[in-house]
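S.K.: After the structure tokens below, expect a handful of questions from me.
The values are calculated or read from the model by the stated rules, or taken from the named source; none is laboratory data. Given the structure is predicted, the values throughout are model-derived calculations rather than measurements. In this analysis, Cβ positions are derived from the backbone assuming ideal geometry, glycine residues included, and neighbour counts consider all displayed protein chains. Note: accessible area is taken over every heavy atom of the protein model, side chains too, but ligands, DNA and RNA are not part of it. Shrake-Rupley method; radii C 1.70, N 1.55, O 1.52, S 1.80 Å.
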Amino acid sequence: MTRRGWCPSLAAPMPAADGLLVRVRPVFGRIDAGAARQVAAAAAAHGNGLIDLTQRGNLQFRGFDLGSAASFAGIVGGLGVDQPVGTPGLMVSPLLGVDPAAAPEAGALAGEIAAVVAGMTGLRGPAEKFSVSFDAGGVIGLGSVGADIAIRAAAIGATTIAAATGWVVDDEVCSAGDLIAVVRRRLEACAPALRAGRRPERTGMARAARVPPLGFVAYAADRGAFGLGLVFGAMNADLLRLLADLAASFGDGVLRFTPWRAVVIAGVTQAAAVRLADAAAAEGMIVAGPDWRFGVQACVGAPFCASAGRATRADALALGDTGRGVHVSGCAKGCAHPGPAEVTLVGRDGRYDLVRNGRAGDTPVRRGLDLAAVRAELMMKVPA
């Protein structure tokens, strides 16, 4: 069963080779430690415990059947941590509300934007992927996250942001007082297509991509945030439970999920950061950068996806640093990276086809490569 463009949710699981997928979109990208422990326990009890952190900062849980998916949805739905189904996704700056360098009016504006977004119901099909980003600046802003409507403080890049600075919605500058009306107008213009299941042409401005926030970054004299990287965004219920414990022990007790395959914990002192880093590194998390593994994109691959022709993530790791900047896709759908890449490897019949400067569905320049031949091609660095 293939339904490209369909996003699973608590209410509508999606079939995969290892069972049904269920996706949770955390409100403002956050789940507090207590709720995260309950989610982890439910994922282990009712699914197979495998979890992916997606490129929109959502959590995807695997391995359910219809009955267990309903049980999981009942537990998680009761926690109030999920954005409303059938509405645009809303991504906000990870440190919204705690970082003094962010736009001071951002917290109130984010709440109003969330209310506007929540009122836009009835999305289906490809329209379910429609998203809004709200970048309030500060030490960990959103940067480029591929949003359809991109909102940012006008003075992002400055050390501090004054309340009167203004905001930018895609390419339109407005005041804080006009921001909600502008966002509402943009969403209303998109509404007919979205409710018909069509995704409007993307208008969000492209900006420089951010490096994943890894390690300690201070936002106050005695406090900072700590970014923990997940290889390919993959974790399991035990690791989610550990993250909750780390947030409660060393930070403010909240997990902040980002679009960069990293989890941010705020309220961390510099002394606590050392202990946090040691505990996280012992469990295989990335606590410092740069790290080449953030330069490669790979879908979940075989045996978890029935469409995949290879165990893509294991292959990506086997390529090592030669795979930096490469998209490894189990099939021609290119789920992990819909856009073009310098090199895209596409699994087919147990081998890889190689596409240069294109997408997974584009015509390959080489076909039927084993992993050794792929590595040789990557080391040559010769354009097509």
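S.K.: Taking the range 226-254 on its own, how many of its residues are over 13 Å from the mean Cα position of the chain (by Cα), open to solvent by 10 Å² or more (accessible area, probe 1.4 Å) and small (Gly, Ala, Ser)?
M.R.: Qualifying residue count for the region: 4.
S.K.: Quick check on my filter: what residues within the range 97-128 are touching a helix residue (DSSP H, G or I) at 6+ places or on another chain (Cβ under 6 Å) and either over 17 Å from Ala181 (Cα atoms) or buried (at least 24 other Cβ atoms within 10 Å of the Cβ) (or both)?
M.R.: Hits for the range 97-128 are Gly97, Gly122, Leu123, Ala127.
S.K.: Just the residues that are touching a residue at least 12 places away in the same chain (Cβ under 8 Å), open to solvent by 60 Å² or more (accessible area, probe 1.4 Å) and not in a strand (DSSP E or B), please, taken from the range 362-384.
M.R.: Asp362, Val365, Asp370, Arg375, Met379, Pro383, Ala384
S.K.: Kindly establish whether Ala316 is within 21 Å of Val231 (Cβ to Cβ), under 22 Å from the mean Cα position of the chain (by Cα) and touching a residue at least 24 places away in the same chain (Cβ under 8 Å).
M.R.: Numbers: within 21 Å of Val231 (Cβ to Cβ): yes; under 22 Å from the mean Cα position of the chain (by Cα): yes; touching a residue at least 24 places away in the same chain (Cβ under 8 Å): yes.
So Ala316 passes the test.
S.K.: Being closer than 20 Å to Gly138 by Cα and not hydrophobic (A, V, I, L, M, F, W, C) is the filter here, so list the residues in the range 230-265 that pass it.
M.R.: Going through the range 230-265, the residues closer than 20 Å to Gly138 by Cα turn out to be 251-252, 254-265.
Matches in the range 230-265: Gly251, Asp252, Arg256, Thr258, Pro259, Arg261.
S.K.: State which residue pairs qualify: first residue closer than 23 Å to Gly227 by Cβ and inside the range 50-70, second residue open to solvent by 30 Å² or more (accessible area, probe 1.4 Å) and among the small types (Gly, Ala, Ser) in any location, beta carbons under 6 Å apart, and separation of 6 or more residues or different chains.
M.R.: Asp52/Ala234
S.K.: Tell me the residue from Gln60, Gln55 that is closer than 26 Å to Ala110 by Cα, modelled with pLDDT under 95 and either part of a loop (DSSP other than H, G, I, E, B) or not small (Gly, Ala, Ser) (or both), please.
M.R.: Result: Gln55 is the single residue among Gln60, Gln55 that is closer than 26 Å to Ala110 by Cα, modelled with pLDDT under 95 and either part of a loop (DSSP other than H, G, I, E, B) or not small (Gly, Ala, Ser) (or both).
S.K.: Tell me which of these Ala218 doesn't satisfy, since it passes every other one: (1) surrounded by 17 or more Cβ atoms within 10 Å (Cβ to Cβ); (2) modelled with pLDDT of 95 or more; (3) touching a Gly at 6+ places or on another chain (Cβ under 6 Å).
M.R.: Among (1) surrounded by 17 or more Cβ atoms within 10 Å (Cβ to Cβ); (2) modelled with pLDDT of 95 or more; (3) touching a Gly at 6+ places or on another chain (Cβ under 6 Å), the lone unmet condition for Ala218 is (1).
S.K.: So Thr159 passes all but one of these: (1) surrounded by 17 or more Cβ atoms within 10 Å (Cβ to Cβ); (2) at pLDDT below 90; (3) more than 20 Å from Val24 (Cα to Cα). Which condition number does it fail?
M.R.: (1)
S.K.: Would you please list the contacts, defined by Cβ atoms under 7 Å and residues six or more apart or on different chains, that run from a residue in the range 137-148 that is charged (D, E, K, R) to a residue that is in a loop (DSSP other than H, G, I, E, B) and crowded, with 21+ Cβ neighbours inside 10 Å?
M.R.: From the range 137-148, the pairs are Asp148/Phe130.
S.K.: Oh, and also: On the given criteria, is Pro13 crowded, with 19+ Cβ neighbours inside 10 Å, closer than 23 Å to Leu194 by Cα and touching a Lys or Arg at 6+ places or on another chain (Cβ under 9 Å)?
M.R.: Yes, satisfied.
S.K.: How about the range 25-52: which of its residues are within 24 Å of Asp135 (Cβ to Cβ) and assigned to a helix (DSSP H, G or I)?
M.R.: Val27, Phe28, Gly29
S.K.: Continuing with this model, one more query. How many residues, within the range 69-96, are more than 21 Å from the chain's Cα centre (by Cα) and open to solvent by less than 20 Å² (accessible area, probe 1.4 Å)?
M.R.: 2
S.K.: Going by the conditions given, is Val22 in contact with a Leu (Cβ under 7 Å, 6 or more places away or on another chain), crowded, with 20+ Cβ neighbours inside 10 Å, hydrophobic (A, V, I, L, M, F, W, C) and not in a helix (DSSP H, G or I)?
M.R.: Answer is yes for this residue.
S.K.: Is there any pair linking a residue in the range 14-27 that is at positive phi to one that is outside any strand (DSSP E or B) and at pLDDT 95 or above, with Cβ under 8 Å and at least six apart or on different chains, and which?
M.R.: Matching pairs, first to second residue: Gly19/Gly47; Gly19/Asn48; Gly19/Asp65.
S.K.: Moving to a separate point now. Here is a list: Val355, Val343, Val326. Which entry is in contact with a strand residue (DSSP E or B) (Cβ under 8 Å, 6 or more places away or on another chain) and under 30 Å from Val217 (Cβ atoms)?
M.R.: Val326
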